[in-house]
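Supplied in structure tokens, the structure appears directly below.
The values are calculated or read from the model by the stated rules, or taken from the named source; none is laboratory data. Source: prediction; values computed, not measured. A quick note on method: Cβ atoms are made from the backbone with ideal geometry, for glycine too, and the neighbour counts reach across all protein chains shown. Areas reflect the complete protein model, heavy atoms only, side chains present, ligands, DNA and RNA absent. Shrake-Rupley method; radii C 1.70, N 1.55, O 1.52, S 1.80 Å.
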Amino acid sequence: MNAAPKISGNFFENLPAISGFAKARIPRDFYPLPSTWSVLCTDVEASTKAVSDGRYRGVTMVGAACIIAAQNAAPNVQLAYAFGGDGATICAPPEVRDAVINALLGMKLLALSEHQLSLRVGAVPAADILAAGKDLLVAKVRSGGKISQALFAGGGLSYAENLI
């Protein structure tokens with residue numbers, strides 16, 4: 001495991017990028033998420049039923065839109081995130097945490113009004129995850145061009161999602 005970059009808000013931006021998911025190796029390419037960051041989770045409630053009822057498009061649109069809303073709320077910060085199909089997990093530094101939470105709460109309203117879907121939104125400080133003995137590790141993967149994606153390890157995200 002490597003030492004985290006010094007500046008909190010630039011953590012993900014400053015991570016060295018791996019040139020493909022298949023090349024990522026634990027612990028060599030993973031860095032601990034700064035304890036000052038938060039893990040923000042969204043999840044469409046009863047998504048399995050909604051998909052079986054033919055509402056797959058709405059479920060995935062809401063999940064993907066959560067990432068876009070978060071990025072729009074923090075335009076000058078590279079956020080680490082994972083798309084889960086029926087929601088997203090977004091790691092944000094303290095400088096933009098409240099703005100991202102507000103954007104996700106806006107998505108909660110939009111999911112209900114436009115898609116009749118209930119969206120859970122929650123936040124867990126990384127410090128709480130680490131205090132629970134869970135690792136919260138992230139690698140940055142560049143699959144082409146300037147697009148970077150986060151890859152997570154250590155069980156910390158699953159722990160946060162289960163709390164929410």
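Any residue that is on the phi > 0 side of the Ramachandran plot, open to solvent by 70 Å² or more (accessible area, probe 1.4 Å) and more than 14 Å from the chain's Cα centre (by Cα) - is there at least one of those in the stretch 75-90?
Scanning the stretch 75-90, I find no residue that is on the phi > 0 side of the Ramachandran plot, open to solvent by 70 Å² or more (accessible area, probe 1.4 Å) and more than 14 Å from the chain's Cα centre (by Cα), so the answer is no.
Residues checked against (1) in contact with a Lys or Arg (Cβ under 7 Å, 6 or more places away or on another chain); (2) free of Cβ contacts under 8 Å to residues at least 40 places away in the same chain:
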position: Val96; (1), (2): no, no
position: Leu117; (1), (2): no, no
position: Val121; (1), (2): yes, no
position: Asp128; (1), (2): no, yes
position: Gly133; (1), (2): no, yes
position: Ile147; (1), (2): no, yes
position: Gly156; (1), (2): yes, no
position: Tyr159; (1), (2): yes, yes
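Does the stretch 65-74 hold any residues that are small (Gly, Ala, Ser), free of Cβ contacts under 8 Å to residues at least 40 places away in the same chain and either under 17 Å from Leu109 (Cβ atoms) or open to solvent by 50 Å² or more (accessible area, probe 1.4 Å) (or both), and which are they? Let's see the steps before the verdict.
Kept after step one, since they are small (Gly, Ala, Ser), are these residues of the stretch 65-74: 65, 69-70, 73-74.
Going one step further and asking which of them are free of Cβ contacts under 8 Å to residues at least 40 places away in the same chain, we end up with 69-70, 73-74.
Within the stretch 65-74, Ala69, Ala70, Ala73 qualify.
Here is a yes/no grid of residues against (1) at pLDDT 95 or above; (2) over 17 Å from Leu33 (Cβ atoms):
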{"residue": "Ala64", "(1), (2)": "yes, yes"}
{"residue": "Ala70", "(1), (2)": "yes, no"}
{"residue": "Cys91", "(1), (2)": "yes, no"}
{"residue": "Gly122", "(1), (2)": "yes, no"}
{"residue": "Glu161", "(1), (2)": "no, no"}
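Also, quick follow-up: For the stretch 17-32, give me each residue that is open to solvent by 10 Å² or more (accessible area, probe 1.4 Å) and either at pLDDT 90 or above or acidic (Asp, Glu) (or both).
Asp29, Tyr31, Pro32
If you go through the stretch 125-157, how many residues are over 15 Å from the mean Cα position of the chain (by Cα) and open to solvent by less than 20 Å² (accessible area, probe 1.4 Å)?
Looking only at that region, the number is 0.
While we're here: Can you find a residue that is at pLDDT below 95 and assigned to a loop (DSSP other than H, G, I, E, B) anywhere in the stretch 142-153?
Yes, the stretch 142-153 has at least one match.
In the stretch 91-105, which residues are out of contact with any helix residue (DSSP H, G or I) (no Cβ under 7 Å at 6 or more places or on another chain) and buried (at least 24 other Cβ atoms within 10 Å of the Cβ)?
Matches in the stretch 91-105: Cys91 only.
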